[in-house]
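Q: I have a structure I would like to understand better, so I am pasting it below and will then ask my questions one at a time.
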Amino acid sequence: MFKGIYDQTRPGAWRGPEKTGRAACAALVLLTACSGVFAQATVHMPGTGQTVSPQNAAIAPSASLSLSKAIALALEGNPEVAAAMRQYEATEGQVLQGRARPNPELAYSLEDTRSQTRTQSWQINLPIELGDKRAARTKAAEKAREQAQAELAELKATVRANVIAAYFDALTAQERLNLAKDSVALARSSTDTVGKRVAAGKVPPVEETKAKVAEASVRVELAQVMSEERNAMTRLSALLGKTEMASPSLDRKADVLPVLPSRADLQSLVSSSPSIARARLEVDRRRALTEVEQSKRVPDVTVSFGVKRASETQRNVALIGLSIPLPVFDRNQGNLLEALKLEDKAREDLQAATVRLHSEVAQTQERFVSIAAEIQSLEQEVLPGAKSAYDAASIGFENGKFNFLEVLDAQRTYFSAKSQYLKAIAEAFRAGAEMERLLGGPISSD
């Protein structure tokens, strides 16, 4: 029984359990029928003589793929996540380089090439950074590392949400495929029944022709649904980092829709979302880069120590030197101005991202509420009515009270309502996944 009932007194919430129509229960039998045993090692596919290896990442048709397993596979094998992880690891080099001190310099000079009168000098020059350049440089590198970590978290949240949406799209496609197969079976049975009645002289031969045309139309719909199911599995396998994947049994039961918090609670989660955190870290990084440019306005000092030896006197003379650049023409004013303006831009980007995310959260929550109302209407009104009309038409046709077209119309209406119901459930999960992507993690509870 479908346990998620939308409560209009609590926006975005569901309550249950509640009694539902028998037709709604029948519609959900298809959604809860996915089960099996998941096999990750090399699998032999009976009847085909083929072996599926983990390297090709093809899951055998008899395997079972849970939602949690799909998310784990995506985070482990998704190439975009792997690339973001490498980017995060690369920022550690920036931090390491930022902490490095400037290298000393060894200098040698020779005056006069004649051995009797030449003078040789050996000198070590030691640069000394002033103005807290090293600390500012290290802080900027650390902020870049934090930002890369936030980008990785945001990408993982996006991949997770995409997997959830693709998973339920595939689940819905599989159930719609089962529904289409049932429709074909019913159409074939109806054609046989009409054929027998034509042979018995109870109905004119044109009824059999109509039945065959209707059966052909249903078969065309079956082919379309099969194509949609293959496309859905292709999208899911791509998110899992697989080049190909046989259709597994998806064992997540879609009998309870996600429960979203109220709009006020959702808006309060915006400030902690990955996109806002990343934008805020960009402001901090730009501020740190501004401090780096400000520190460059203070000139560094180079201290020199060495020895000088004259061949004529055969004596060693100590050398001590000090050099300071004079910031007369270049005071790093251009780089500082650029850094200040980019810091202001980062603040504006943070404000824009906050406004945009608030709007997207509100729109997604409103879309979820609308879908929830649609599901409730389908469950309580449309499906029971369509099922009742179909049953009545079928019984009337058997008793000769209705013609085949009336039965066919009732059948198509009922199966169309079922298909719409499945699509609405998938859309509800897609809206919930989008909300989790925006806010950066699970925010629903059963």
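The values are calculated or read from the model by the stated rules, or taken from the named source; none is laboratory data. Everything numeric here is computed off the predicted structure, so don't read it as measured data. We place every Cβ from the backbone using ideal geometry, glycine too, and count neighbours over all the protein chains shown.
Q: Name the residues in the stretch 277-322 that are β-branched (Val, Ile, Thr) and free of Cβ contacts under 8 Å to residues at least 40 places away in the same chain, would you?
A: Thr313, Val317, Ile320
Q: Then there's this: For the stretch 89-119: of the residues being of a type outside the set (Gly, Ala, Ser) and touching an Asp or Glu at 6+ places or on another chain (Cβ under 8 Å), which is surrounded by the fewest Cβ atoms within 10 Å (Cβ to Cβ)?
A: Gln116
Q: Would you confirm whether or not the stretch 248-261 contains a residue that is small (Gly, Ala, Ser) and modelled with pLDDT under 80?
A: yes
Q: Restricting to the stretch 129-175, and then to whatever is assigned to a helix (DSSP H, G or I) and of a type in the set (Asp, Glu), can you tell me which residue is modelled with the lowest pLDDT?
A: Within the stretch 129-175, the match that is modelled with the lowest pLDDT is Glu175.
Q: Considering only the stretch 380-398, state which residues are more than 25 Å from Val194 (Cα to Cα) and out of contact with any helix residue (DSSP H, G or I) (no Cβ under 6 Å at 6 or more places or on another chain).
A: Gln380, Glu381, Gly385
Q: Tally time: how many residues in the stretch 92-113 are closer than 21 Å to Val301 by Cα and under 57 Å from the mean Cα position of the chain (by Cα)?
A: Total satisfying the criteria: 11.
Q: While we're looking at this one, here's another question. Going by what's in this entry, would Ile71 be described as modelled with pLDDT of 95 or more, among the aliphatic types (A, V, I, L, M) and either part of a strand (DSSP E or B) or closer than 30 Å to Gln420 by Cα (or both)?
A: Spelling it out, it is not the case that Ile71 is modelled with pLDDT of 95 or more, among the aliphatic types (A, V, I, L, M) and either part of a strand (DSSP E or B) or closer than 30 Å to Gln420 by Cα (or both).
Q: With respect to Asp330, determine if the residue is part of a loop (DSSP other than H, G, I, E, B) and under 25 Å from Arg101 (Cβ atoms).
A: yes
Q: A further question follows. For the stretch 186-196, indicate whether the set of residues that are free of Cβ contacts under 8 Å to residues at least 24 places away in the same chain and on the phi > 0 side of the Ramachandran plot is non-empty.
A: Scanning the stretch 186-196 turns up no residue that is free of Cβ contacts under 8 Å to residues at least 24 places away in the same chain and on the phi > 0 side of the Ramachandran plot.
Q: Only one of (1) farther than 30 Å from Asp409 by Cβ; (2) within 35 Å of the chain's Cα centre (by Cα); (3) surrounded by 14 or more Cβ atoms within 10 Å (Cβ to Cβ) is not met by Val382, so which one is it?
A: Only one criterion is unmet by Val382, namely (1).
Q: Need pairs with beta-carbon distance below 6 Å; first residue closer than 10 Å to Leu383 by Cα and β-branched (Val, Ile, Thr) and within the stretch 409-428, second modelled with pLDDT of 85 or more and assigned to a helix (DSSP H, G or I); sequence gap 6+ or separate chains.
A: Close Cβ pairs (under 6 Å, with a partner that is modelled with pLDDT of 85 or more and assigned to a helix (DSSP H, G or I)) amount to Thr413/Ala386.
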